[in-house]
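These notes are about the structure you will find just below.
The values are calculated or read from the model by the stated rules, or taken from the named source; none is laboratory data. The model shown is predicted, which means the values in this text are computed figures rather than measured ones. Backbone-built Cβ (ideal geometry, glycine too); neighbour counts: all protein chains shown. When the accessible area is computed, the model is the full protein with side chains, heavy atoms only, and any ligands, DNA or RNA have been set aside. Shrake-Rupley method; radii C 1.70, N 1.55, O 1.52, S 1.80 Å.
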Amino acid sequence: MYYYAEPVGRLIEALNKLPGVGPKTAQRLAFHLLRVPRSEAVTLAKAIVDARDQTSDCSICGNMTDRDPCRICADEARDQAVICVVEDARDVVAIEKTREYHGLYHVLRGVLSPMEGIGPEQLRIRELVARLEGSPVQEVILATNPTVEGEATANYLARQIKAQGIKVTRIAHGLPIGGDLEYADQVTLWRAMEGRREL
Amino acid sequence: MKIQRLELTQFRNYAEMAVDLQPGVNIFVGPNGQGKTNLLEAVTLLSGAGSHRDAKDAEMVKWQAAFYRIVAQGRPAAGNGAATSPDLPATTVELAFGQQRKWARVNGRKLKRMNELAQTVNTVVFSPEDLSLVKGSPGQRRRFLDRELSQASPAYHQVLVHYQRMLSQRNALLKQIRNQLAKVHDIELWDEQMARCGATLLARRLDGVARLAPKARQIYRSLSAGKEELEITYGSSLPLPADRAAWPTAILRHWAMSREEEILRQTTLTGPHRDDLNLYLNGRDARSYASQGQQRSIALALKLSEVQLIASIRQEPPIVLLDDVMSELDPLRREQLLTELNQQPIQVIITTTHLQALPEALIRQSAIFRVYEGKIQRDPEGG
């Protein structure tokens, strides 16, 4: 049976491998790309290659960057006494968007998960410990996700960092602002109850 | 809620099926393998619990079909024992699975989690396998308790899932420690949160058993004509101090003490996942001493107390599903079961291969449906 010209088939297959893209979306995207002006398709292809070639991981924090050290690590105006530890480069973006945090970051690139064979050695923990050694950092904020794995990772880090004599804090978890108690996730609600405080 | 109309699309052996149920007893008759249990399974899925046969969603899609869909229309029962209230608006519950995804809607509102369905539909299934609840494995009795508590409170289900996730991670880590791929003290990273979660689970289970036990004792007393006393206690695999606030610490201490053995065996040896329900008849352990008949009565008492417990917590009795279980009970127990179910306005769905297995009086007041090759037809014979 004849479906697509061979190069189109290859394009669909490649698009289909992207996260969140199923066979139908892949087909739609491919046909779209075939119809747009050639320059637009080339721009996209070049953007993909450039993004790959021109970014690397910051040698200090591990965040994705186009120069080393990254803009955040190089910015002297930022508070050098606080480091926020996150799982993923995307979390840096999320926190930066709030414009409320002015310290530095450290990207772990994952969380502990014995089931998947991910131990402390597979994460950028050694780099963090080395980075803190003799640094002016006074507080490390642990902002791993409030999952089973994120908690375990935070516990691990807390132990390591406290041994270095640095203050360790964990971001709070609870109800979303503007949310409705009735629709809150049950475990979230339970944890929020656990973490209640006196007014 | 009580189901007034049930529609199945490409579910198991049903291509397209709709059936109107009555608020009282509904009997589905037909030879084996025609789809009676499939129908009950569809109703249990609507309560957010998994399949009572532990089937995967993909297995429940009709052969060569792409999805299944279950829709039920019904009315919430008004409290105070009134039957369904016609003044309350009808509720539509919809559950579908296709392309590896499952979603549920109640009155058009999409639910975030399947277990939220339990806030609308509750079910209690009684199938022949439940008759071995007494002599069966501790896992079977834990599942009984977990299923019931999950329906009574969706939060319980989530805490349970959370705990099981930690358990899998912890066991994987124990394996790695045994093979010297991880350090012994890494286990502490998981223990602290797991102990807290486990303590919550234990507290909920103990409270659940405390509410269940007197109900079951009373039902059993009437089943045995006052001759025997059934006692149910929660059998924890961990020593628990009286002060509940001290449980997480107690659990941690116990795990720390058994660490060497746990590493050797590569598994978590104690905790809520290893607990049991203790059953005693006149002070003797029913798991080892109860006769065949006594076992059946205990199973019956447990199930009926579950019905009562859910009814009192949710202020509405659950839909009771009796899967081919009538023929397994002797006339006396059958009578007791029906009397018990008649005390409240409960919607009951019974499956059976032969109508003769059921009491005359019951047949007269029930709606009867014939099930044959995935098709259902109402039989005018019933009430």
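In square angstrom and rounded to 100, what buried accessible area do you get between chains A and B, total over both, with the probe at 1.4 Å?
Values: alone 14130 and 17850 Å², together 29830 Å².
Between A and B, the summed buried area is about 2200 Å².
Considering amide H positions built from the backbone, and no H for Pro or chain starts, which residues 5 or more places from A:H106, or on another chain, come under 5 Å of its amide H?
Placed amide hydrogens put A:C84, A:V85, A:V86 under 5 Å from A:H106.
With a ≥ b ≥ c the root eigenvalues of the C-alpha gyration tensor of region A:78-170, is it rounded (a/c under 1.5), prolate (a/b larger than b/c) or oblate?
In terms of gyration-tensor shape, oblate.
Please report Rg over Rh for region B:263-381, where both radii come from the alpha carbon positions and Rh follows the Kirkwood definition.
1.09
Over the Cα atoms of the protein assembly as shown, what radius of gyration and what Dmax do you get, in Å?
Both quantities, over Cα of the protein assembly as shown: 29.0, 89 Å.
Please compute, over every Cα-Cα pair in chain B, the percentage with a separation greater than 41 angstrom.
In whole percent, the long-distance tail amounts to 18.
Output the DSSP H helices from chain B with an along-axis C-alpha extent of no less than 18 Å and a mean Kyte-Doolittle hydropathy no less than 0.0.
TM-like helix candidates: B:292-314.
I need the P(r) histogram for chain A: all alpha carbon pairs, bin width 10 Å from 0 out to the longest distance, whole percents.
7, 25, 26, 22, 15, 5, 1, 0
Using only alpha-carbon positions, what ratio does the radius of gyration of region B:1-140 give when scaled by 2.2 N^0.38 Å?
Taking the Cα Rg and dividing by 2.2 N^0.38 Å, one obtains 1.09.
Could you look at chain B and say what percent of its accessible area is carbon and sulfur, using a 1.4 Å probe and all protein chains?
48 percent
What trypsin sites (Lys or Arg not before Pro) in region A:69-163 are in a loop by DSSP, with at most 10 other Cβ atoms within 10 Å of the Cβ?
Listed in order of number, the matching sites are A:R99.
Among A:A74, A:A45, A:A130, which one moves the most in a GNM of chain A with springs linking Cα atoms closer than 10 Å?
Result for chain A, Cα springs under 10 Å: A:A45 fluctuates most.
Just report the Cα centroid separation between region B:150-182 and region B:244-314, whole Å.
Each part reduced to its Cα centre gives a spacing of 18 Å.
When only alpha-carbon atoms are used, what values of Rg and Dmax, in angstrom, describe region B:202-345?
Spelled out, the Cα radius of gyration and Dmax of region B:202-345 are 18.5, 55 Å.
Region B:289-358: D in µm²/s via Stokes-Einstein (Kirkwood Rh, Cα pairs, 4 °C, 1.567 mPa s)?
The calculation lands on 101 µm²/s.
Tell me, what does the Kirkwood hydrodynamic radius of region A:6-54 come to in angstroms if you use every pair of distinct C-alpha atoms?
It works out to 11.4 Å.
What whole-number distance in Å separates the alpha-carbon centres of region A:137-156 and region B:1-78?
45 Å
Exposed loop sites here are GluC sites (Glu not before Pro) in DSSP loop states with at most 10 other C-beta atoms within 10 Å. What is the longest stretch of chain A lacking them? Mind dumping the intermediate values first?
On the way: sites that count: A:E76, A:E100, A:E133, A:E198.
Free of exposed loop sites, the longest segment is A:1-75.
On a C-alpha basis, how far is the centre of region A:63-80 from the centre of region B:192-243 in Å? Whole number, if you could?
57 Å
Cα convex hull of region A:1-92: how many Å³ per residue?
For region A:1-92, the hull spanned by Cα atoms encloses 136 Å³ per residue.
In region B:166-194, what residues drop by 30 Å² or more in accessible surface going from the chain by itself to the full protein assembly, probe 1.4 Å?
So the qualifying set is B:Q169, B:Q176, B:D186, B:L189, B:W190, B:Q193.
Please list, by residue number, every one of the GluC sites (Glu not before Pro) in region B:128-219 that is coil in DSSP and has at most 13 other beta-carbon atoms within 10 Å.
Qualifying residues, ordered by number: none.
Excluding the sites themselves, what is the longest stretch of chain B that contains no trypsin sites (Lys or Arg not before Pro) in a DSSP loop with at most 16 other C-beta atoms within 10 Å?
B:228-383
Would you mind getting the accessible area per residue of the protein assembly as shown, heavy atoms of the protein chains only, 1.4 Å probe, in Å²?
51 Å²
Summarise the accessible area of region A:6-54 (1.4 Å probe, protein heavy atoms) by the percent that is carbon and sulfur.
Details: 2450 of 4010 Å².
Roughly 61 percent of what the probe reaches on region A:6-54 is carbon or sulfur.
What whole-number value in cubic angstrom gives the convex hull volume per residue for the C-alpha atoms of region B:1-83?
Measuring per residue, one finds 102 Å³ for the Cα hull of region B:1-83.
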